[in-house]
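Undergrad: Below is one structure. I have some questions about it.
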Amino acid sequence: MSRKLSGIQKEVLALYRTLLREATKKDRAANTNTTGTTITTTDFKQLSFTRLLFADASTSTSTAHARNEFRRQALKGSRKDYNGIEHKIRHGYKQIKLLQMPGVVTFKSW
């Protein structure tokens with residue numbers, strides 16, 4: 001049987017989902033050509049395969065970076081440090097606002 005989630009747990013999960021959604025949007029935008037047409041799925045598969053071969057896959061996309069950074073920040077804090085968790089939630093929402101700006105193509109720092 002599953003437990004009910006507390007308010008702060010729901011907030012953290014909502015932040016995580018929103019962050020991944022925005023990072024995915026930026027990845028899709030980065031995979032467009034200069035003409036504005038999107039890369040086909042065959043080209044995308046080849047691009048993904050090339051990234052796996054020649055680049056560090058954990059930081060090659062905004063989504064992977066967001067996922068890894070979220071986990072790294074989660075491991076830094078204590079479960080009982082509510083003030084620290086709330087601070088990180090506020091900081092995460094600020095990062096999402098920055099990521100939503102149209103001039104931002106991708107992000108590699110937190």
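The values are calculated or read from the model by the stated rules, or taken from the named source; none is laboratory data. The structure presented is a predicted model; accordingly, all values stated were derived computationally and were not measured. Cβ atoms come from the backbone with ideal geometry, glycine included; neighbour counts cover every protein chain shown.
Undergrad: Quick check: anything in the stretch 52-63 in contact with a helix residue (DSSP H, G or I) (Cβ under 9 Å, 6 or more places away or on another chain), modelled with pLDDT of 85 or more and assigned to a helix (DSSP H, G or I)?
TA: Scanning the stretch 52-63 turns up at least one residue that is in contact with a helix residue (DSSP H, G or I) (Cβ under 9 Å, 6 or more places away or on another chain), modelled with pLDDT of 85 or more and assigned to a helix (DSSP H, G or I).
Undergrad: Residue pairs, Cβ under 6 Å, 6 or more apart or interchain, first in the stretch 1-25 and under 30 Å from Val105 (Cβ atoms) and touching a residue at least 12 places away in the same chain (Cβ under 8 Å), second of a type in the set (Ser, Thr, Tyr) and in a helix (DSSP H, G or I). List them.
TA: Short answer, once both residue conditions are applied: Ala23/Ser62; Ala23/Thr63; Thr24/Thr63.
Undergrad: Going by the structure shown, is Phe44 of a type in the set (Phe, Trp, Tyr), surrounded by 11 or more Cβ atoms within 10 Å (Cβ to Cβ) and either more than 29 Å from Val12 (Cβ to Cβ) or at pLDDT below 60 (or both)?
TA: Judged against the criteria, Phe44 is a match.
Undergrad: While we're on this one: Considering only the stretch 61-82, state which residues are among the polar types (S, T, N, Q) and more than 28 Å from Ala30 (Cβ to Cβ).
TA: Ser78
Undergrad: Now a separate question. I'd like to check something: does the stretch 26-34 contain any residue that is of a type in the set (Ser, Thr, Tyr), over 22 Å from the mean Cα position of the chain (by Cα), outside any helix (DSSP H, G or I) and modelled with pLDDT under 55?
TA: Scanning the stretch 26-34 turns up at least one residue that is of a type in the set (Ser, Thr, Tyr), over 22 Å from the mean Cα position of the chain (by Cα), outside any helix (DSSP H, G or I) and modelled with pLDDT under 55.
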